[in-house]
Amino acid sequence: MSQVILMASNGRVVIPAAMRAEIGLQEGGSLVARVENGVVVLEPIGEAVRRAQSLVRRYIPAGPSLVDEVIAERHQAAEHE
């Protein structure tokens, strides 16, 4: 969906209701803004988090849960105190 929107003199823009509905943006919702190749990209915060998690997931080794390993190490350290 493309639509021309106007920017007020103070820099404010209003995202049309149809676009907000299409991305599931609730009233008062949060967006992440970034500039890519000279273009402003607005992304719902939930989607930005999912994208970041996907990027990080590539660097987490397969196998046992890292959280479980940390918990086990903490229990072990506590036993030696």
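For the chain, what is the calculated [θ] at 222 nm in deg cm²/dmol (nearest 500), taking -39500 (n - 2.57) for each run of four or more DSSP H residues and dividing by its residue count? Please list the in-between numbers first.
Working: 3 runs with 33 residues, N = 81.
So the helix-based figure for the chain works out to -12500 deg cm²/dmol.
In degrees from 0 to 90, rounded to the nearest 10, what is the angle of the helix 66-79 Cα long axis to the longest principal axis of the chain?
It is inclined by approximately 40 degrees.
State the label only: which of [x] 17, 42, 28, 10, 3, 0; [y] 19, 51, 30, 1; [z] 13, 30, 21, 15, 13, 7, 1 corresponds to P(r) over Cα pairs in 10 Å bins from 0, in percent computed from the shown model?
Read-out from the structure maps to [z].
Scan around Val32 for amide H atoms under 5 Å from its own, H built in the peptide plane at 1.01 Å from N, and keep only partners 5 or more places away or cross-chain.
Answer set, sorted by chain and number: Glu43, Ile45.
If I stretch the segment between Val67 and Ala8 completely, what's the gain in nm (0.36 nm per residue apart, minus their alpha carbon distance), one decimal?
16.5 nm
With only Lys, Arg, Asp and Glu charged, each at its Cβ (+1 for the first two, -1 for the last two), find how big the charge dipole of the chain is about the Cα centre; round to the nearest 20 debye. Each step should come with its number before you reach the end.
Working: 8 positive and 10 negative charges, 104 e Å.
Using Cβ point charges on Lys, Arg, Asp and Glu, the chain gives about 500 debye.
So what is the relative contact order of the chain, in percent, for Cα pairs below 8 Å that sit 6 or more residues apart?
Worked out over the chain, it gives 13 percent.
Helix 45-57 sits at what angle to the longest principal axis of the chain, using alpha carbons and giving 0 to 90 degrees rounded to 10?
Tilt relative to the chain: about 40 degrees.
With a 10 Å cut-off between alpha carbons and a GNM built on the chain, which of Arg34, Arg12, Arg57 moves the most?
Among Arg34, Arg12, Arg57, the largest mean-square fluctuation in the Gaussian network model of the chain belongs to Arg12.
Each reported figure results from applying straightforward, stated rules to the coordinates on display, with no laboratory input. Computed from a prediction, not measured in an experiment: that's the story for all the values here. Don't worry about glycine lacking a Cβ; one is built from the backbone with ideal geometry, like all the others, and counts go over all protein chains shown.
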